[in-house]
Amino acid sequence: MADSPLFEWVCAELAAATSFSEIESRGTVRIALKKGGLAADQVRSSQMQVVVKRVLPDELRRRGCTDGQQVCDELARRLVEQGFEESGGAGDGSSPESVFARLGGTA
């Protein structure tokens, strides 16, 4: 299955904002999504927002990116501006609360 346009956009923006190659960027975002219990082909905008704000900064730090928090703050801001469509309904696990619960291991 193909990755979502949202995933593709975040990876491209991350590669542009850091010294990461396209492969490094994609791998880093995939790992961050996996830690959130999410998949690159089904991630929604609200879910990606949580991952970019809460998980990705640590992943960037682990990979030697000294300004990872600033990169993620800017990425999160630009992600909102892009207006990616949300899909799915209530109860589908896409709410920020559901994502945080998975990240905390309480879901």
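The values are calculated or read from the model by the stated rules, or taken from the named source; none is laboratory data. Fair warning: this is a prediction, and the values are worked out from it, not measured in the lab. Here Cβ is always computed from backbone atoms with ideal geometry, including for glycine, and neighbour counts include all displayed protein chains.
So that you can scan it fast, the table gives a plain yes or no per residue for (1) assigned to a helix (DSSP H, G or I); (2) under 14 Å from ARG78 (Cβ atoms); (3) of a type outside the set (S, T, N, Q):
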site: TRP9; (1), (2), (3): yes, yes, yes
site: ALA12; (1), (2), (3): yes, yes, yes
site: PHE20; (1), (2), (3): no, no, yes
site: GLU24; (1), (2), (3): yes, no, yes
site: GLN42; (1), (2), (3): no, no, no
site: VAL52; (1), (2), (3): yes, yes, yes
site: PRO57; (1), (2), (3): yes, no, yes
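State all residues of region 14-53 that are touching a residue at least 60 places away in the same chain (Cβ under 8 Å) and in contact with a helix residue (DSSP H, G or I) (Cβ under 6 Å, 6 or more places away or on another chain); if no residue qualifies, say none.
Those that are touching a residue at least 60 places away in the same chain (Cβ under 8 Å) and in contact with a helix residue (DSSP H, G or I) (Cβ under 6 Å, 6 or more places away or on another chain): LEU14, GLY36, GLY37, LEU38.
In region 69-90, is there at least one residue being assigned to a loop (DSSP other than H, G, I, E, B), exposed (fewer than 14 other Cβ atoms within 10 Å of the Cβ), of a type in the set (Ser, Thr, Tyr) and modelled with pLDDT of 65 or more?
no
If you take the residues in region 29-66 that are surrounded by fewer than 17 Cβ atoms within 10 Å (Cβ to Cβ) and hydrophobic (A, V, I, L, M, F, W, C), which one is modelled with the lowest pLDDT?
Only one residue fits best here, namely ALA39.
Does LEU14 satisfy the condition of being buried (at least 17 other Cβ atoms within 10 Å of the Cβ) and within 21 Å of LEU103 (Cα to Cα)?
Spelling it out, it is not the case that LEU14 is buried (at least 17 other Cβ atoms within 10 Å of the Cβ) and within 21 Å of LEU103 (Cα to Cα).
For residues that are modelled with pLDDT of 95 or more and hydroxyl-bearing (Ser, Thr, Tyr), tally how many sit in region 1-18.
1
State the number of residues belonging to region 59-68 that are closer than 16 Å to ALA15 by Cβ and not in a loop (DSSP other than H, G, I, E, B).
The total comes to 3.
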